[in-house]
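Okay, so here's the structure we're looking at.
The values are calculated or read from the model by the stated rules, or taken from the named source; none is laboratory data. Quantities reported herein were computed from a predicted structural model and do not represent experimental measurements. Using ideal geometry, Cβ is built from the backbone for each residue, glycine included, and neighbour counts are taken over all protein chains shown. Keep in mind that these areas ignore ligands, DNA and RNA; they rest on the heavy atoms of the full protein, side chains included. Shrake-Rupley method; radii C 1.70, N 1.55, O 1.52, S 1.80 Å.
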Amino acid sequence: MIYLDHNATTPLDERVFEAMQPYLKSFYGNPSALYRIGRLSRSAVETAREQVAALAGVSPSQVLFTSGGTESNNLALNSIKSHMRLLISSIEHPSVTEPAERFRNRSCSVDILAVDENGLFDRESFERCCSDRPDFASLILANNETGVIQSIAEWAGLLREQSVIVHTDAVQAAGKMPLAFNALNVQLMSISSHKIYGPKGCGALIIEKGIEPEPLQLGGGQEQGYRAGTENVAAIVGFGKAAELALSEMTQWRNQMLNLRQLLEQGLAELNATIFSQAVERLPNTVQFGIDGVDGEMLLMQLDKKGFAVSSGSACASGGGMPSPVLTAIGIAQDLAKSALRVSLGKANTEADIAEFIQSLKTILNRT
Ligand SMILES: Cc1ncc(COP(=O)(O)O)c(C=O)c1O
């Protein structure tokens with residue numbers, strides 16, 4: 001199999017697996033326990049906190065471990081109180097849009113920031129949304145489908161001038177571009193372990209001192225009282241190791257991805273594919289494209305038969321038969337949006353993988 005769906009999830013890095021192993025079996029102490037084996041687990045969790053803090057450019061006390069990006073987004077939005085005005089963009093992940101909808105049903109108002117034809121936040125729409133000052137904004141840093149990177153520092157800076165609390169979903173950005181929390185001007189930021197070659201079911205919410213989201217679960221003092229429940233020590237250790245590796249290997253990773261992406265886009269151009277948001281800055285590993293007259297889900301299944309794993313949009317939305325809401329928000333025509341496939345590259349991919357992928361695509365489309 002040639003795996004080309006790293007924005008959905010990544011395989012566990014061997015070095016991460018090795019770091020986790022002792023905490024799956026030998027070091028099983030509860031990190032809240034005071035005796036030695038408990039203290040060993042506590043110390044492992046705190047080391048991981050430092051590693052994740054380094055990736056996010058914050059101090060360890062600003063890192064709250066969660067069960068992943070979804071929980072981090074939900075917890076961040078739980079800072080919203082009734083009757084607040086909320087601003088989100090039209091290209092947020094469902095783990096932001098669905099909690100936002102819930103707040104709308106609880107007497108909050110929700111404004112939607114539109115994007116332009118490239119998938120970048122639209123200035124006019126921003127000004128309209130801010131004519132009545134929002135209280136809280138959640139704006140995605142890098143989109144999971146198109147890979148488009150927003151100038152969050154700039155938008156968040158404008159919002160903070162108006163004392164708006166700003167959260168960013170950096171789940172796809174983490175490990176793929178430098179992340180300096182303070183320079184981004186946000187007060188809350190979500191990241192996830194399994195997008196950076198760490199284990200699934202682990203993530204973090206980065207939080208500025210003084211911001212106090214309502215905990216989603218109660219019943220213990222863990223994670224400064226924001227997330228009750230015995231910590232998933234092995235997963236946290238893995239997340240920490242993955243964060244350390246992502247930071248130290250980022251330049252190498254980016255160069256490798258940019259080279260592969262260029263080859264992929266050259267091959268797609270020969271097939272007359274439309275590459276979405278190609279004109280703007282995107283994650284170096286992400287290419288979303290459409291081919292006129294082709295059904296994306298069918299193409300995905302045919303590629304699967306040939307041993308390629310790709311996505312027909314966001315993994316969460318696939319199988320729904322509807323065009324991707326992100327492509328709809330960009331204004332891509334329904335038929336072209338329904339033909340969309342997303343290739344997201346990862347560190348095991350090679351130039352030969354890309355050549356094979358393009359060749360298989362040509363064969364399936366009968367364009368050899
Ligand atoms: C942009 C974005 N936010 C949030 C999530 C959810 O993260 P997790 O799978 O860790 O819950 C994803 C996962 O695909 C994502 O792409």
*Taking only the stretch 197-210 into account, find how many residues are open to solvent by 10 Å² or more (accessible area, probe 1.4 Å) and within 15 Å of the ligand (Cβ to nearest atom).*
4
*Confirm whether L55 is assigned to a loop (DSSP other than H, G, I, E, B) and within 16 Å of the ligand (Cβ to nearest atom).*
no
*Tell me, please, whether a residue that is at pLDDT 95 or above, more than 23 Å from the chain's Cα centre (by Cα) and either of a type outside the set (S, T, Y) or not assigned by TED's automatic domain parsing to the domain that holds A142 (or both) can be found in the stretch 85-107.*
yes
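Residue-by-condition table, conditions (1) within 20 Å of S151 (Cα to Cα); (2) open to solvent by 60 Å² or more (accessible area, probe 1.4 Å); (3) in contact (Cβ under 8 Å) with a residue 60 or more places away in the chain:
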{"site": "E265", "(1), (2), (3)": "no, no, no"}
{"site": "L271", "(1), (2), (3)": "no, no, yes"}
{"site": "S277", "(1), (2), (3)": "yes, no, yes"}
{"site": "E281", "(1), (2), (3)": "yes, yes, yes"}
{"site": "P284", "(1), (2), (3)": "yes, no, yes"}
*asked:* So W155 ticks every box in (1) in contact with a Phe, Trp or Tyr (Cβ under 7 Å, 6 or more places away or on another chain); (2) open to solvent by less than 10 Å² (accessible area, probe 1.4 Å); (3) not β-branched (V, I, T) but one. Which box is left unticked?
replied: (2)
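Taking the conditions exactly as written (assigned to a loop (DSSP other than H, G, I, E, B), under 16 Å from the mean Cα position of the chain (by Cα), within 11 Å of the ligand (Cβ to nearest atom) and not aliphatic (A, V, I, L, M)), does G175 satisfy them or not?
no
Conditions (1) in the same structural domain as V343 (by TED's automatic domain parsing); (2) in a strand (DSSP E or B); (3) farther than 22 Å from T9 by Cα, marked per residue:
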residue	(1), (2), (3)
L268	yes, no, yes
N272	yes, no, yes
A279	yes, no, yes
P284	yes, no, no
F289	yes, yes, no
G293	yes, no, yes
E297	yes, no, no
L300	yes, no, no
D304	yes, no, no
*asked:* Tell me whether the stretch 232-240 contains one or more residues that are on the phi < 0 side of the Ramachandran plot and assigned to a loop (DSSP other than H, G, I, E, B).
replied: yes
*Within the bounds of the stretch 59-80, is there any residue that is modelled with pLDDT of 95 or more, in a helix (DSSP H, G or I), in contact with an Asp or Glu (Cβ under 9 Å, 6 or more places away or on another chain) and surrounded by fewer than 17 Cβ atoms within 10 Å (Cβ to Cβ)?*
yes
*Counting just the residues of the stretch 65-115 that are of a type in the set (D, E, K, R) and without any contact (Cβ under 8 Å) to a residue 60 or more places away in the chain, which one comes out nearest to the ligand (Cβ to nearest atom)?*
E98
*Residue check, Q187 free of Cβ contacts under 8 Å to residues at least 40 places away in the same chain, away from the ligand (no atom under 16 Å from the Cβ) and open to solvent by less than 20 Å² (accessible area, probe 1.4 Å)*: yes
*Please work out which one of (1) part of a helix (DSSP H, G or I); (2) in contact with a strand residue (DSSP E or B) (Cβ under 8 Å, 6 or more places away or on another chain); (3) within 15 Å of the ligand (Cβ to nearest atom) is the condition A8 fails and give its number.*
(1)
*Filter the stretch 119-170 for residues that are in a helix (DSSP H, G or I) and within 16 Å of the ligand (Cβ to nearest atom) and give the result.*
I152
